[in-house]
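**Q** Mind looking over this structure? Questions follow.
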Amino acid sequence: MESLDLVEGQYSNSTRETNINLIITDYCMPGMTGYDLLKRVKGSSNLKEIPVVIVSSENVPTRIKKCLEEGAQEFMLKPVKQSAIKRLRCHMS
């Protein structure tokens, strides 16, 4: 969160340049879900253009659909295959 300049419930107005060109996050994390992080990233004027990929071991179609509709570039199921990792290159600028 600090690397993304996202502070608990607030968005930083930092003007520093970001070198982040892809965010990969697990859906299940302590304190928040990957969906929560996705919403924060897409709600930030500084970060909204960064592609977000969510991974999970749980195949829950409604969860996957919700994340993709909210702006996730990909939703990958664990274990992630090498072919899926190769697909991520097109999202990196």
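**Q** Per residue of segment 54-64, in order, report the coupling 6.51 cos²θ - 1.76 cosθ + 1.60 (Karplus, θ = phi - 60°) as ³J(HN,Hα) in whole Hz, putting x for Gly and Pro.
**A** Those phi angles translate into 10, 10, 7, 8, 9, 8, 10, x, 5, 5, 4 Hz.
**Q** Ok, one more. Starting from the amide H of THR33, placed 1.01 Å from N in the peptide plane, find each other amide H under 5 Å away whose residue is 5 or more places distant or on another chain.
**A** Under 5 Å from the amide H of THR33: no residue qualifies.
**Q** For ILE85, what charge total do you get from the other residues with a beta carbon under 13 Å from its beta carbon, if Lys and Arg give +1 and Asp and Glu give -1?
**A** +4
**Q** Which percent of Cα pairs goes in each bin when the distances of segment 26-93 are cut into 10 angstrom slices starting at zero?
**A** Percent of pairs per bin, in order: 20, 53, 26, 1.
**Q** Residue by residue through segment 46-51, which ³J(HN,Hα) values in whole Hz follow from phi under the Karplus form 6.51 cos²θ - 1.76 cosθ + 1.60 (θ = phi - 60°), with glycine and proline marked x?
**A** 7, 10, 4, 7, 6, x
A short reminder: the numbers here are calculations on the coordinates, not readings from a lab. It should be emphasised that the depicted structure is a prediction, and the values quoted were computed from it without experimental measurement. Please note: Cβ atoms are built from the backbone with ideal geometry, for glycine as well, and neighbour counts cover all protein chains shown.
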